[in-house]
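Note sheet for the following structure.
The values are calculated or read from the model by the stated rules, or taken from the named source; none is laboratory data. This structure is a prediction, so every number in the text was calculated from the model and none was measured. We place every Cβ from the backbone using ideal geometry, glycine too, and count neighbours over all the protein chains shown. Ligands, DNA and RNA are stripped out before the accessible areas are found, and what is left, the full protein with its side chains, is counted by its heavy atoms. Shrake-Rupley method; radii C 1.70, N 1.55, O 1.52, S 1.80 Å.
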Amino acid sequence: MSWRSLCDRGLPGTRRPSYTAQDQLIHEAELHGWRLIVVSLLDAPWDGPTSLRIEPPDDPAVVVGTDGITAELMRSISLAEIRRTAKELRVRLGRSADEAATSAVLHRVETEREYALMAREYVRLVQQGYRSPVTRLASAWGLSRNTISGRIRRARAMGFLDGPPGRPADRLTEKARRHLEGEERDVERTARS
């Protein structure tokens, strides 16, 4: 599986879209000998694919694993994985369709600093009034709701989040702020440069 954020080649038999190369993410993969091309537009208000194309191999002598485009071939396309990867790349490029997306997609949260970063994003969503900040983070980061929920519980148990008992945490602790101080100094230093 490969992604390209810059592509300016038209596909045979199609008209070139009116988007520039920098406006597209293009995913290419091989499925049972067939070539899959998925395009996602960076400026679209959604994170999912905009177009999908399945082509036979360039060499007609190559044996493909299906009898044409079949339901089995279509089911083997992992749109969830394509969508998750596109979301992650859009966030890295600063072009996310989801306002809950953050500057850092935290697939793994292991260090105290990572827990502090995750806690900050959670508190930001709580303060913005989101009824389900866990669901928003799960969607923005392409992770399950259970994974995010477990991380939030652990962050609270580790002393990074605080709030009323039995209610969602609504503020960072001093411990979390200490771990985030270095990042804020780096941002200020970069802004002055």
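Any residue in the stretch 32-55 that's under 21 Å from Gly142 (Cβ atoms): show its pairings with residues that are of a type in the set (Val, Ile, Thr) and part of a loop (DSSP other than H, G, I, E, B) at Cβ separation under 7 Å, as long as the two are six or more apart or on different chains. From residues that are under 21 Å from Gly142 (Cβ atoms), the pairs are Leu36/Ile77; Val39/Thr50; Ser40/Thr50; Leu41/Thr50; Ala44/Thr50. With respect to the conditions (1) in a helix (DSSP H, G or I); (2) open to solvent by 80 Å² or more (accessible area, probe 1.4 Å), Trp46 lacks only one, and its number is (1). Only one entry of Leu143, Leu125 meets the criterion of being within 20 Å of Leu180 (Cβ to Cβ) and out of contact with any strand residue (DSSP E or B) (no Cβ under 7 Å at 6 or more places or on another chain), and that entry is Leu125.
Of all residues in the stretch 158-176, those being touching a residue at least 60 places away in the same chain (Cβ under 8 Å) and open to solvent by 70 Å² or more (accessible area, probe 1.4 Å) number 0. Of the candidates Arg145, Arg154, the single residue that is at pLDDT 80 or above, open to solvent by 90 Å² or more (accessible area, probe 1.4 Å) and within 17 Å of Val123 (Cβ to Cβ) is Arg154. Looking across the stretch 49-83 at every residue that is buried (at least 17 other Cβ atoms within 10 Å of the Cβ) and either modelled with pLDDT under 75 or under 16 Å from the mean Cα position of the chain (by Cα) (or both), the one that is nearest to Val38 (Cα to Cα) is identified as Pro49. Just one of the listed residues (Val134, Val123) is of a type outside the set (Ser, Thr, Tyr), in contact with an Asp or Glu (Cβ under 8 Å, 6 or more places away or on another chain) and either in contact (Cβ under 8 Å) with a residue 12 or more places away in the chain or not in a loop (DSSP other than H, G, I, E, B) (or both), namely Val123.
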